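First up is the structure itself, then whatever we jot down about it.
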Amino acid sequence: MSDELPSPKKRRPFWRKRVRRSTAPGSHTPVLLAEVLAALNPQPGHVIADCTLGFAGHATELLRRIAPDGLLIATDLDAANLEPAREKLDAIGGLFTLHHANFAGLPALLASEGVQQVDGVLADLGMSSMQVDDQHRGFSFMRDGPLDMRMDRSRGRTAAEWLQVLTHEELTTCFRDWGDEPHAEAIAAAIVRQRAVQPIERTQQLRALIESAAPVRIDRTPGAPPERKQRLAPVARVFQALRILTNRELANLQHLLRLLPTILKPGGVAAIISFHSGEDRLVKAAFRAGLRSGVYATISDTPIRPTFAERTANPRARSAKLRWACRALEETSGTM
Ligand SMILES: C[S@@+](CC[C@H](N)C(=O)[O-])C[C@H]1O[C@@H](n2cnc3c(N)ncnc32)[C@H](O)[C@@H]1O
């Protein structure tokens with residue numbers, strides 16, 4: 001046996017570790033699952049609303065715990081998610097109903113099921129791994145595809161259409177406010193110039209435009225994050241902003257936050273996972289206001305983050321933040 005130690009040069013630096021970027025069928029991992037279950041504490045007989053069904057990662061575990069006589073009511077804007085999710089939930093048994101609907105319309109949807117209030121509400125915001133991995137949906141800047149980005153493909157403007165109609169100022173505001181992009185104005189100007197010549201309809205067209213408009217500083221000091229990541233940053237931020245705009249994500253979340261006190265039973269819990277600072281700010285503000293007014297008895301004081309192990313195993317969990325709020329049994333008059 002050789003006692004030669006492996007040469008350090010041959011070892012891959014930690015950031016170059018091969019990470020699976022696309023989701024293999026059936027291998028979807030729900031984010032912060034243990035933490036969501038701890039917050040919602042689902043029990044047999046409970047009625048739970050999963051606002052963002054996706055690939056039923058959380059829904060499967062919720063249904064398992066509330067079966068046999070509990071009821072899971074789940075919604076998703078993306079009709080393509082419903083059938084794969086139904087197959088997974090059928091395998092668990094128990095009672096569930098799935099709806100192709102916006103969670104902003106939850107009260108009407110609950111009423112259609114004969115339900116007024118629920119024991120738990122989960123919203124795991126943003127896009128699902130199936131949406132990112134399908135290049136024909138236009139969510140990913142990694143591969144070429146049509147700039148669609150709609151979660152609900154049955155209605156609304158596509159991202160390409162938004163790029164055609166917004167003014168320079170509106171594009172700048174979108175990239176700055178929802179993408180935190182420092183070069184928002186330059187990128188918006190490049191879009192306005194380009195669309196006068198030819199519409200921007202493909203993901204790679206937009207990516208090339210952003211890369212040419214946003215000068216990128218590459219930090220070469222030892223220990224600095226990988227250069228590639230820095231090169232991608234403006235592209236990632238603009239794509240995120242455009243997705244938030246296309247799907248009215250912040251407006252939908254604000255609507256849900258306003259509804260929660262009316263659709264939660266006394267003692268019921270809402271758990272919200274966000275991936276963007278703008279979303280987290282809205283959730284934090286709404287939960288704190290509810291605590292002050294006495295609508296909520298307790299809320300998570302700080303956001304719950306994925307463990308190091310989860311972040312390493314599932315890179316998509318990296319920016320996730322979970323907050324929860326428990327509705328008061330009796331509302332006291334608060335200080336709002
Ligand atoms: C992060 S994924 C959810 C993943 C899911 N928790 C799981 O474990 O499989 C978010 C999902 O929410 C859906 N979605 C986003 N906004 C929505 C809204 N306003 N109403 C209903 N569904 C929405 C998206 O289409 C997407 O499928």
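Tabulated values for the structure
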| quantity | calculated |
| --- | --- |
| Subset of the stretch 35-49 that is in a loop (DSSP other than H, G, I, E, B) and under 14 Å from VAL115 (Cβ atoms) - its residue that is nearest to the ligand (Cβ to nearest atom) | HIS46 |
| Residues (within 9 Å of the ligand (Cβ to nearest atom) and either among the β-branched types (Val, Ile, Thr) or outside the structural domain of GLY114 (by TED's automatic domain parsing) (or both)) located in the stretch 50-77 | THR52, THR60, THR75 |
| Selected residue (criterion: nearest to the ligand (Cβ to nearest atom)) from residues of the stretch 233-275 that are touching a Lys or Arg at 6+ places or on another chain (Cβ under 6 Å) and among the hydrophobic types (A, V, I, L, M, F, W, C) | ILE272 |
| Among residues of the stretch 143-157, those that are more than 10 Å from the ligand (Cβ to nearest atom) and within 18 Å of the chain's Cα centre (by Cα), counted | 3 |
| Residue identified as more than 7 Å from the ligand (Cβ to nearest atom), on the phi > 0 side of the Ramachandran plot and free of Cβ contacts under 8 Å to residues at least 24 places away in the same chain among GLY93, GLY114 | GLY114 |
| Subset of the stretch 96-111 [in contact (Cβ under 8 Å) with a residue 60 or more places away in the chain and either within 11 Å of the ligand (Cβ to nearest atom) or of a type in the set (Gly, Ala, Ser) (or both)] | ASN102, PHE103, ALA104, LEU106 |
| Residue check, ASP69 of a type in the set (Asp, Glu) and either part of a loop (DSSP other than H, G, I, E, B) or closer than 23 Å to ALA270 by Cα (or both) | yes |
| Near pairs, Cβ below 8 angstrom, 6+ apart or cross-chain, from the stretch 118-140 (under 16 Å from ASN102 (Cβ atoms)) to any residue that is of a type in the set (S, T, N, Q) and assigned to a helix (DSSP H, G or I) | SER128/ASN81 |
| Residue satisfying condition, being under 28 Å from THR307 (Cα atoms), at pLDDT below 95 and under 18 Å from the mean Cα position of the chain (by Cα), within set HIS28, HIS58 | HIS28 |
| From LEU62, LEU77, residue being within 20 Å of ASP134 (Cβ to Cβ) and either among the hydroxyl-bearing types (Ser, Thr, Tyr) or in contact (Cβ under 8 Å) with a residue 60 or more places away in the chain (or both) | LEU77 |
| Qualifying positions in the stretch 135-160 - within 18 Å of ALA251 (Cβ to Cβ) and assigned to a helix (DSSP H, G or I) | ALA159 |
| The lone exception for GLY278 - which of (1) over 21 Å from ALA101 (Cα atoms); (2) away from the ligand (no atom under 16 Å from the Cβ) it fails | (2) |
| Which listed residue is touching a Gly at 6+ places or on another chain (Cβ under 7 Å) and part of a helix (DSSP H, G or I), from ARG311, ARG281, ARG292 | ARG292 |
| Helices (runs of 4 or more DSSP H) contained in the stretch 187-266 and holding at least 2 residues within 28 Å of LEU110 (Cβ to Cβ) and modelled with pLDDT of 95 or more | 227-246, 249-263 |
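The values are calculated or read from the model by the stated rules, or taken from the named source; none is laboratory data. In this text, all values refer to a predicted model and were calculated from it rather than measured experimentally. Cβ sites come from the backbone with ideal geometry, for glycine too, and all protein chains shown count toward neighbours.
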